[in-house]
């Protein structure tokens, strides 16, 4: 093999390598938020609604700091996208703007199920779980108010999330919360409340 053929072969191999590299970059998987930890700041307003809880009117302003884990288990294809399960841990700071008490402070944990499109730009989510917390109970002074400072909480939360940038997302949804002392005190009306929530999240 003469020198000209060796040079031609080297050039051909180099071009093939560059073409393969370009194709690999083109086919590279998009940024996948479900593979990362996420921290969210969530805010909203929820109102007491009728049920077997207190008849008093309550307006609560949840301010929630949430950390979400990467996916737990495997990705499951569903309806043109993917279903994933993650863990959700929250710190709750909730001023009570209308009601006998003034604040609720607590923690909660839950699983969260998310449906993501294949491009990982949009998701639908549903979370349900519970936790513990404290409020400045007034039930022994005001009929219908809460009878114990220490309380349990349950939540259900659903909504839609949009990935606006590579690591930044925003969501809107509906949030339900129940607070009661679960019979630890003879005064236990509880509060059922529901309303809109919005959040901004950062993936890391």
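Here residue 145 meets each of (1) surrounded by fewer than 20 Cβ atoms within 10 Å (Cβ to Cβ); (2) under 16 Å from residue 53 (Cβ atoms); (3) out of contact with any strand residue (DSSP E or B) (no Cβ under 9 Å at 6 or more places or on another chain) with one exception, condition (1). A residue that is in the same structural domain as residue 195 (by TED's automatic domain parsing), in a loop (DSSP other than H, G, I, E, B) and within 30 Å of residue 48 (Cβ to Cβ) occurs nowhere in segment 64-74. Within the span defined as segment 89-101, every residue fails to be closer than 22 Å to residue 200 by Cβ and either touching a helix residue (DSSP H, G or I) at 6+ places or on another chain (Cβ under 6 Å) or at pLDDT below 95 (or both). Within segment 120-137, the set of residues being closer than 19 Å to residue 71 by Cα and assigned to a loop (DSSP other than H, G, I, E, B) comprises 120, 121.
Give me a count of the residues in segment 138-169 that are outside any loop (DSSP other than H, G, I, E, B) and in contact (Cβ under 8 Å) with a residue 40 or more places away in the chain.
In the first step, residues of segment 138-169 are kept if they are outside any loop (DSSP other than H, G, I, E, B); the result is 150-163, 168-169.
Filter again for in contact (Cβ under 8 Å) with a residue 40 or more places away in the chain, leaving 151, 153, 155, 157, 161-163, 169.
Looking only at that region, the number is 8.
From 191, 172, 200, which residue is surrounded by 14 or more Cβ atoms within 10 Å (Cβ to Cβ), farther than 30 Å from residue 138 by Cβ and at pLDDT 95 or above? The match here is 200.
The values are calculated or read from the model by the stated rules, or taken from the named source; none is laboratory data. Source: prediction; values computed, not measured. All Cβ positions, even for glycine, are placed from backbone atoms using ideal geometry, and neighbour counts span all protein chains on display.
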